[in-house]
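Okay, structure first, notes after.
The values are calculated or read from the model by the stated rules, or taken from the named source; none is laboratory data. As the structure is a prediction and not an experimental result, all values here were calculated from the model. All Cβ positions, even for glycine, are placed from backbone atoms using ideal geometry, and neighbour counts span all protein chains on display. Each accessible area value is taken on the protein alone, full model and side chains, heavy atoms only, with ligands, DNA and RNA left out. Shrake-Rupley method; radii C 1.70, N 1.55, O 1.52, S 1.80 Å.
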Amino acid sequence: MSNIYDIRRRGTVIFLIITAVVVAVFLWVSDSLVSDLAEQERARMQIWADATRQIVSADPFDADDHSDINFLLSIIAANRTIPVLVTDDRDSIIDQRNFNLPESADSLPPWVITPANEAYLRSKLARLKSGTNVIHISIAPGVEQHLYYEDSKLLQRLSLYPYVQLLVMLAFVAVVYYAVTSSKKAEQNKVWVGLSKETAHQLGTPISSLMAWIEMLPVYGVDQETVDEMNKDVQRLGTIASRFGKIGSPPAMVHADLNGVVRSATGYMSSRISSAVEFSVSLWSEPLTVSLSAPLLEWVMENLIKNAVDAMEGHGRLAVTTAVEGQSAVIEVADSGRGIPRKNFQTIFNPGFTTKSRGWGLGLTLAKRIVEQYHGGRIFVRSSEPGVGTVFSITLPILPAEKDSKRGL
């Protein structure tokens with residue numbers, strides 16, 4: 001099995017792995033910074049707790065203790081960023097700092113709390129008690145206070161910052177990947193279109209020459225039946241050249257019966273496949289009017305039939321059917337060939353993917369382009385099992401008038 005896009009696919013995987021490693025390192029560094037800052041804030045709260053313990057145990061009549069108290073109070077007052085609640089064993093609020101209270105309390109001491117602020121602080125206390133940001137202060141034997149604190153706004157923002165940057169980074173990677181992929185697809189399209197049109201151009205001269213020679217064959221005694229068969233094949237070459245010439249340009253779409261296109265394609269192929277292949281065609285009993293380009297859609301049908309014959313290695317059962325599913329006309333090509341592994345159901349439509357020892361792997365890619373871009377339909381592997389066979393399906397939207405007639409039945 002050959003695939004000219006294996007290198008590109010491996011490159012994409014390597015790029016994604018490198019991106020994942022960079023993102024993981026970035027998150028690890030950011031998490032380390034957040035952890036360090038959280039430890040620093042806990043250390044500051046421990047100093048607050050130690051200062052509170054010493055203030056409570058200080059002798060108010062000792063001059064040395066009085067000077068120490070002023071120093072300790074300055075430590076407590078220095079905290080202007082970390083929200084703090086101090087309670088006793090009965091959860092009575094003794095002190096609070098740095099909360100955005102619903103009622104302004106700037107003119108009141110921290111221990112004086114209005115009813116609205118009391119309710120607000122109680123809800124904060126209930127949430128803080130379920131967390132780990134708490135330091136227990138032993139005031140005296142059997143007497144404790146409890147210091148609860150929230151992360152500072154700086155720490156909260158820094159905790160979210162890595163994820164914001166991660167989203168920005170992923171968005172940037174997605175945009176770059178989309179731009180590169182779109183550029184490659186556009187380049188591939190130019191190559192395919194140029195190759196197709198050049199092929200059509202190169203075929204033009206020998207086809208014209210062959211047509212002239214066919215007209216002269218009766219003069220040399222070649223029987224008319226042979227000449228007619230050769231003329232059919234030359235006309236087919238002309239049709240193929242015309243198909244190649246249409247790639248890259250919007251085809252002329254007409255409203256036509258899908259059954260007629262399928263009948264024409266299968267009729268041509270039936271006389272050119274092995275008699276060991278049991279070939280059957282079953283068409284929907286009523287016209288299936290869709291918007292189509294007959295030459296291009298016949299090309300798709302012929303490609304699917306050829307692939308099916310190759311998969312069966314020249315013997316087996318091949319069935320082509322048309323039907324209606326909801327508001328869509330359906331063509332199914334079912335064979336009893338070697339089948340396709342499920343993992344390749346989508347891959348087989350990629351440029352360069354082929355299971356043949358000789359081939360460019362462009363047939364199904366062009367078929368997908370014709371069906372989906374030009375006809376607004378869908379082509380896919382409906383079912384397949386290795387050793388049992390494969391069913392390809394093409395769905396095309398039925399025209400509104402046809403839809404109405406179906407609903408009236």
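Under the simplified labelling scheme, the Gln165-Ser270 pair shows an inter-label distance of 7.0 nm, with each label point 7 Å from Cα along Cα→Cβ. Set the Förster radius R0 to 56 Å, insert the Cβ-Cβ distance between Ser74 and Ala179 as r into 1/(1 + (r/R0)^6), and round the FRET efficiency to 0.05. So the FRET efficiency works out to roughly 0.45.
Shown is the FRET efficiency for Val22 and Asp88, computed with R0 = 51 Å from the Cβ-Cβ distance and rounded to the nearest 0.05: 0.50.
A straight chain from Asn100 to Arg382 at 0.36 nm per residue would run longer than the Cα-Cα distance by 95.3 nm.
Toward the positive end of the charge dipole of region 80-187, with +1 on the Cβ of Lys and Arg and -1 on the Cβ of Asp and Glu, the farthest Cα among Ser159, Leu170, Pro83 is that of Leu170. Region 127-186 has equivalent-ellipsoid semi-axes of 52, 8, 6 Å, by the square roots of 5 times the alpha carbon gyration tensor eigenvalues, sorted largest first.
Simple spin-label estimate for Ser35 and Met253 gives 5.9 nm between the two label positions (7 Å along the Cα-to-Cβ direction from each Cα). I'd like to check one number: the per residue accessible area of region 169-235, probe 1.4 Å, reported in Å² as a whole number. I get 73 Å² per residue for this part. With each label modelled as a point 7 angstrom along the Cα→C-beta vector, the Asp223-Ala126 pair spans 10.1 nm.
Between the alpha-carbon centres of region 187-224 and region 255-271 there is a gap of 23 Å. Each Cα pair under 8 Å and six or more residues apart adds its sequence gap; the mean of these over the residue count of region 211-365 is a relative contact order of 18 percent. The Cα atoms of region 244-285 define a convex hull whose projected area, averaged across directions, is 4.6 nm². Subtracting the Cα-Cα distance of Ala140 and Asp310 from their residue separation scaled by 0.36 nm leaves 52.0 nm.
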